[in-house]
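Colleague: Input: one structure, supplied below.
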Amino acid sequence: MSTTQESAENNWKNIKSDAEHALHTLLSQIDKHTNPQELFEAYTYAKRVTADALRSRMLMHLPAEGLKFRELYTRVQGELDSRYGQHFPDGFLKAPYGDQLHEHLFSLLQENLSQPIEAAKLRIVTADSVHTERRTRELRELGMDVDWYKKDGLDFYVLRSFDLTFDSLPSLVRTIVRKKVKSKEEQNRLLKEAGIPEK
């Protein structure tokens, strides 16, 4: 068991009873037709604690290491270095979106390869963070074969294959340059020297 999974299991054991208590409290507040303020407070607490607990449970379920994610991410980094590395100092072109959160989201998509996943299920990985779908779309910016569509008012994501496209590399370089260089003039100079047109 990985450190992440062990930490998630310990957290699940610690917080599961809190989530159960919070949900029971919410149900009792609904049954009692309590005043709105108390009901809202019970709901927000239950939502937060339950989201944290289910995130821990999800991390126990996901693989200890996202080997396929690491493989694809390494290929993206290699292509960035190959195409544009000579125009920038060593280490400048570090591909974004390689953190553990992106890895976990990819692992959940990978587990359901070619099958759509409702955005709400992906949000379990991030304890219901509002930025979850943005983080998922960032996998597409890496060139991964992640698709998105809406059905009956719900958002769905699907990892269609392990294919990569490198069409988004210029956009990745722009993202890196804009994060690391404050001067707009210097940004444009660097991108021009690398042969990347202004967007």
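The values are calculated or read from the model by the stated rules, or taken from the named source; none is laboratory data. As the structure is a prediction and not an experimental result, all values here were calculated from the model. Positions of Cβ are generated from backbone atoms using ideal geometry, with glycine treated the same way; all protein chains shown enter the neighbour counts. All accessible areas refer to the heavy atoms of the entire protein, side chains included, with ligands and DNA or RNA removed. Shrake-Rupley method; radii C 1.70, N 1.55, O 1.52, S 1.80 Å.
Colleague: If only one of V173, V146, V130, V181 is open to solvent by less than 60 Å² (accessible area, probe 1.4 Å) and out of contact with any Phe, Trp or Tyr (no Cβ under 7 Å at 6 or more places or on another chain), which one is it?
Modeller: Answer to the check: V181.
Colleague: Turning to a different aspect of this structure: Scan region 149-187 residue by residue and report those that are part of a strand (DSSP E or B), acidic (D, E) and within 23 Å of Y73 (Cα to Cα).
Modeller: Of region 149-187, the ones part of a strand (DSSP E or B) are 149-151, 154-164.
Narrowing further to those that are acidic (D, E): 155, 163.
Answer for region 149-187, where residues must be part of a strand (DSSP E or B), acidic (D, E) and within 23 Å of Y73 (Cα to Cα): just D163.
Colleague: With the condition kept exactly as written, say whether any residue in region 104-118 is of a type in the set (G, A, S), crowded, with 16+ Cβ neighbours inside 10 Å and in contact (Cβ under 8 Å) with a residue 24 or more places away in the chain. Steps first, please.
Modeller: The first filter runs over region 104-118 and keeps only residues of a type in the set (G, A, S), leaving 107, 114.
Subsequent filtering for residues that are crowded, with 16+ Cβ neighbours inside 10 Å retains 107.
Then keep just the ones that are in contact (Cβ under 8 Å) with a residue 24 or more places away in the chain; that gives 107.
Yes, region 104-118 contains a residue that is of a type in the set (G, A, S), crowded, with 16+ Cβ neighbours inside 10 Å and in contact (Cβ under 8 Å) with a residue 24 or more places away in the chain.
Colleague: A follow-up question, please. Being in contact with a Ser or Thr (Cβ under 8 Å, 6 or more places away or on another chain), among the polar types (S, T, N, Q) and open to solvent by 60 Å² or more (accessible area, probe 1.4 Å) is the requirement here; does Q100 meet it? Write out each step before concluding.
Modeller: Working: in contact with a Ser or Thr (Cβ under 8 Å, 6 or more places away or on another chain): yes; among the polar types (S, T, N, Q): yes; open to solvent by 60 Å² or more (accessible area, probe 1.4 Å): yes.
Answer is yes for this residue.
Colleague: Let me ask you something else. Cβ contacts < 8 Å: first residue under 20 Å from V146 (Cα atoms), restricted to region 67-86; second residue open to solvent by 50 Å² or more (accessible area, probe 1.4 Å), any location; separation 6+ or different chain. Result?
Modeller: K68/Q110; K68/F162; F69/Q110; L72/F162; Q77/K94
Colleague: Quick test for you: out of Y84, Y43, pick the one residue that is among the aromatic types (F, W, Y), open to solvent by 100 Å² or more (accessible area, probe 1.4 Å), outside any loop (DSSP other than H, G, I, E, B) and touching a helix residue (DSSP H, G or I) at 6+ places or on another chain (Cβ under 8 Å). Outline the logic, then answer.
Modeller: On the way: Y84 fails: open to solvent by 100 Å² or more (accessible area, probe 1.4 Å).
Every option except Y43 fails the conditions.
Colleague: Something else now. Test of understanding: among A95, A51, which residue is surrounded by 13 or more Cβ atoms within 10 Å (Cβ to Cβ), modelled with pLDDT of 90 or more and assigned to a loop (DSSP other than H, G, I, E, B)? Write out each step before concluding.
Modeller: Working: A51 fails: assigned to a loop (DSSP other than H, G, I, E, B).
After ruling out the rest, the residue left standing is A95.
Colleague: Of the residues in region 5-59, how many are closer than 20 Å to K121 by Cα, within 21 Å of the chain's Cα centre (by Cα) and not basic (K, R)?
Modeller: 14
Colleague: Would you call V173 hydrophobic (A, V, I, L, M, F, W, C), touching a strand residue (DSSP E or B) at 6+ places or on another chain (Cβ under 8 Å) and at pLDDT 95 or above? Walk me through it before giving the result.
Modeller: Values: hydrophobic (A, V, I, L, M, F, W, C): yes; touching a strand residue (DSSP E or B) at 6+ places or on another chain (Cβ under 8 Å): no; at pLDDT 95 or above: yes.
No; evaluated as a whole, the condition is false for this residue.
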